[in-house]
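The values are calculated or read from the model by the stated rules, or taken from the named source; none is laboratory data. Nothing here was measured: the structure is a model prediction, and the numbers come from that model. All Cβ positions, even for glycine, are placed from backbone atoms using ideal geometry, and neighbour counts span all protein chains on display. Ligands, DNA and RNA are stripped out before the accessible areas are found, and what is left, the full protein with its side chains, is counted by its heavy atoms. Shrake-Rupley method; radii C 1.70, N 1.55, O 1.52, S 1.80 Å.
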Amino acid sequence: MKFEKALSTILSVLEKEPHRSILVKDTIDALEPVRSIFFIVVNGVEVTQAMQYRHAAEHLTDPADRGPDNSVRLVADKPAYVRVYVQSSLVNVMNVAGSVMLQVRRYGVWVDAVPLMQQVPFAITALPDPKYAEERGSLLNSLNFIIPASLMKGRMRLKVHVEVPGNKKYMADAEVEINASLKQTLRLRGIPVQYWGPGASGNQVKLSAPSLGDFQRTLATTLLMFPVSQTPNITLAGTFTFSEPLTGAIANGACPSSWNNLLFWLGIAKVVDGNKSNMVYYGLLPSGIPVGGASGCGGGGGTAAGFIDDGIAMAHEIGHYFNFPHAPGCLPADDLLFDTNYPAYEPYDTVANKMASIGEYGLDPTTATIYSPAFSSDIMSYCPSRWISLYHYKALIEHPLLDPQYVSGRGTELPPYVNENFRDPHRIPDPTPPWEYEHLFKQEEVQLQNYVVLTGFIKYDEVEIASVLRIDTRFNNTGHKLEGFTAEALDANNRVLHKTPLRYLVTYAHCGCGCSGGDSDPLGVVQAILPSHEESFTYRIRHKENTLWTRQSSGSRFEVEHVNAQIERDELHISWHTLNAGNTPFERAVMYAVNNAEEWQMLAVDVKEDKLSVRLRAVPTGNIRLKVMATNGFYSAYGQTSIDIPDAQPSVAILWPAEGAVVRTDRPVRFWGTASLSNGEAVPEHALQWELDGRPVGEGSEHWQELPEADSEHKVTLKVKGYGQDNETSVIFLATCCGRRPYLYNRYD
């Protein structure tokens, strides 16, 4: 390197002062072959949305953990970060700048579409021997660009050019093809939970249920990590009232009893809602409920729950909903439920001491945050710095619960016939054409049928069924089959009409304040679904030859009559009368259907009296039908009415910047939001308008905005205009040149 630096210095002097001697020109000409060995090259273009391979052999020691560059699948409708790595031949080359042109195919020919927005830095120093961890671990060592979500669709090519401005000696080009034809959507069926129970001081408190906007905002962290569209599909399933503090410690990685009691009722709500198999059911809790060791619980494909604005807990619990166990990192010693198949990404992990390394470098395009596999752990662990890993990212690709489907590019992308038999051996193969993969993406929801659903708790080999519903719902084969445990329906002569396994809905906790200790054998939720029979006289749970629980029919029937509904201010009041001649125990639930829809949706469960009051925002606008159900498992009675719900404002949420967030002024900031109508339909892009400090700046669910260089506070507003009732929401964020908290504060009223 000393020789190379000296040679570079000589060349620089000779070029700057050619007038000194006629020998200078002869010397330069003589050294011209030497000068040709000084150059720069594009040493890779990384395109990532959360996680990506790049030169995996340079840092992952196990070949089984490696993958080709850019082989982690990209998805449509999600922004991507493009990192251009530049390397020199012999000496450091300063002031290397670049540009990236996004190209699309028009009638089979690549044509320029739009130049990509550049992020900091705007120039870098190319090194002849960059250290991998330093280059990959800092955005200051690559030229960086953004592909907005609106452009991530179909097949594209990136045309990269780098150079030292004014010096033709240092110039290089590269081309990289990418494919974002897979679109996946996270569909969340939210259950808002209101709390009427003891507060932290022991006094009774009433905490309102979260809104649709709260669900949208809390889900942002999950959307950043998961390979899904930036726009989720969120609908609300009525509301639920809970009255028990969520105290207790996590033991063996499982949820405390109080959380299982909550998940029990959320499981009932899911059954009443039709047990939809294509959605994630999540209960969102208001802040202020007394909490013990867990800040969220869920899993087994049943339901999950967590607190408002706790995005990490929601991502963790939704992972459990996808049947992801805990990752082996920072777990309590008594957590025996971790995933033994989680790989050891060496050298960051060892087989003997796994710490749930994410395996590759993660990157959040929204905040430009890099997650190193040396210091970051998977979201399913309990470690402090968490991001999604290669292991779980790949598991979510083409997952049926995410409604995977292929989306074509632009209509002029291909000519009528293109011969694509030639395949470059160095090119990552394109996905299988959709007509060959169609069966993976066709999802037909199972039809509703009349079932008897038994739900309860298990501890050791003791089972107590706390709910018996006879209802039209779907069979959902979730949870783990408990060996030797069966649920049976018998007729009056004790003849078995149907038998099915009892299933354990395994629930995993998200660590909150204290992660171990407490009850070593927490209660677990169990469920069994039996076809209904008119001859059913007894339901029972058996363990091998032992009967653990039974319920017999009294033979009496009851009726639901005089259903009435009215609106007062912002509440819907429903009342009815249940005629129960035999005084048999029964359960109440209320459902609704929109207009002439055939399927009923959950409005409320665990209704204690023949009346119910809910906020109007719990139901969609327009004409809705209300159905009251009373059931004891052997017989169900119904009563109906209808009512017109007045138009409501759309729900609007800003997902980034968050309130009080600190962003940099030297790079475009992502304004990201979403808006939905009360029926769950997304508001069209053209109806979403962004304002910065009261000035219109753009439209759509995503907008990238340059900021003034001065340290200051800003107010960003997302408005819904010209689409039904207008609505808006705002957040105040801080902007600084260097990512530090600015000293200037100009608060908005």
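Within segment 690-702, residues that are touching a residue at least 24 places away in the same chain (Cβ under 8 Å) have Cβ atoms under 7 Å from residues that are open to solvent by 60 Å² or more (accessible area, probe 1.4 Å) and outside any strand (DSSP E or B) in these pairs: G700/S150; G700/E685; S701/E685; E702/S150, counting only partners at least 6 apart in sequence or on another chain. Contact map, segment 68-87: first residue under 16 Å from L140 (Cβ atoms), second residue surrounded by 22 or more Cβ atoms within 10 Å (Cβ to Cβ) and basic (K, R), Cβ cut-off under 6 Å, separation 6 or more or different chains; the map is empty. Of the strands (runs of 3 or more DSSP E) lying entirely inside segment 689-741, those containing at least 2 residues that are surrounded by fewer than 14 Cβ atoms within 10 Å (Cβ to Cβ) are 695-699. Against the numbered list (1) in contact (Cβ under 8 Å) with a residue 40 or more places away in the chain; (2) buried (at least 22 other Cβ atoms within 10 Å of the Cβ), L336 comes up short only at (2).
Kindly evaluate N341 against the criterion of being open to solvent by less than 10 Å² (accessible area, probe 1.4 Å) and in a loop (DSSP other than H, G, I, E, B). No.
When L263, L336, L284, L331 are checked against the criterion of being under 24 Å from L655 (Cα atoms) and either part of a loop (DSSP other than H, G, I, E, B) or modelled with pLDDT of 90 or more (or both), a single residue qualifies: L284. On the given criteria, is G197 of a type outside the set (F, W, Y), in contact with a strand residue (DSSP E or B) (Cβ under 9 Å, 6 or more places away or on another chain), more than 30 Å from S408 (Cα to Cα) and outside any strand (DSSP E or B)? Criteria not met by G197.
The listed residues are S150, S201, S138, S181, and the only one of them that is touching a Gly at 6+ places or on another chain (Cβ under 9 Å) and surrounded by fewer than 16 Cβ atoms within 10 Å (Cβ to Cβ) turns out to be S150.
Tell me, yes or no, whether segment 506-513 has at least one residue that is in contact with a Leu (Cβ under 8 Å, 6 or more places away or on another chain), at pLDDT below 90 and in a loop (DSSP other than H, G, I, E, B). Yes - at least one qualifying residue is present in segment 506-513. Against the criterion of being open to solvent by 10 Å² or more (accessible area, probe 1.4 Å), touching a residue at least 40 places away in the same chain (Cβ under 8 Å) and assigned to a helix (DSSP H, G or I), T231 does not qualify. Does L140 satisfy the condition of being free of Cβ contacts under 8 Å to residues at least 24 places away in the same chain and among the aliphatic types (A, V, I, L, M)? When the stated conditions are applied, L140 passes them. Against the numbered list (1) touching a Cys at 6+ places or on another chain (Cβ under 6 Å); (2) farther than 30 Å from W265 by Cβ, P332 comes up short only at (2).
Of all the residues that make up segment 553-583, how many are within 44 Å of the chain's Cα centre (by Cα) and either under 30 Å from V526 (Cα atoms) or open to solvent by less than 30 Å² (accessible area, probe 1.4 Å) (or both)?
8
Of all the residues in segment 87-128, those that are of a type in the set (S, T, Y) and open to solvent by 40 Å² or more (accessible area, probe 1.4 Å) number 3. Only one of the numbered conditions (1) touching a Pro at 6+ places or on another chain (Cβ under 8 Å); (2) under 26 Å from Q552 (Cβ atoms); (3) of a type in the set (S, T, N, Q) is violated by T621, and that is (2). Within segment 91-116, residues that are acidic (D, E) reach partners that are modelled with pLDDT of 95 or more and open to solvent by 50 Å² or more (accessible area, probe 1.4 Å) with beta carbons closer than 9 Å, at six or more positions or on different chains, in the pairs D112/K159. Close Cβ contacts (under 9 Å, 6 or more residues apart or on different chains) running from residues in segment 277-290 that are at positive phi to residues that are of a type outside the set (S, T, N, Q) and assigned to a loop (DSSP other than H, G, I, E, B) comprise G288/G199; G288/A200. Among the residues of segment 109-149, those identified as part of a helix (DSSP H, G or I) and either modelled with pLDDT under 95 or hydrophobic (A, V, I, L, M, F, W, C) (or both) are A133, L139, L140, A149. For segment 522-547, how many residues are buried (at least 17 other Cβ atoms within 10 Å of the Cβ) and not basic (K, R)? Number of matching residues: 16.
List the strands (runs of 3 or more DSSP E) that sit entirely inside segment 590-676 and contain at least 2 residues that are more than 30 Å from T369 (Cα to Cα). Passing ranges, in order: 601-605, 611-615, 622-631, 636-645. Among what's in segment 352-410 and is without any contact (Cβ under 8 Å) to a residue 40 or more places away in the chain, open to solvent by 20 Å² or more (accessible area, probe 1.4 Å) and assigned to a strand (DSSP E or B), pick the residue that is farthest from A57 (Cα to Cα). Looking at the filtered set, the residue picked out is T369. Residue pairs whose Cβ atoms lie under 6 Å apart, sitting 6 or more positions apart in sequence or on different chains, and linking a residue in segment 291-319 that is on the phi > 0 side of the Ramachandran plot to a partner that is in a helix (DSSP H, G or I) and of a type in the set (S, T, N, Q), are D309/T218.
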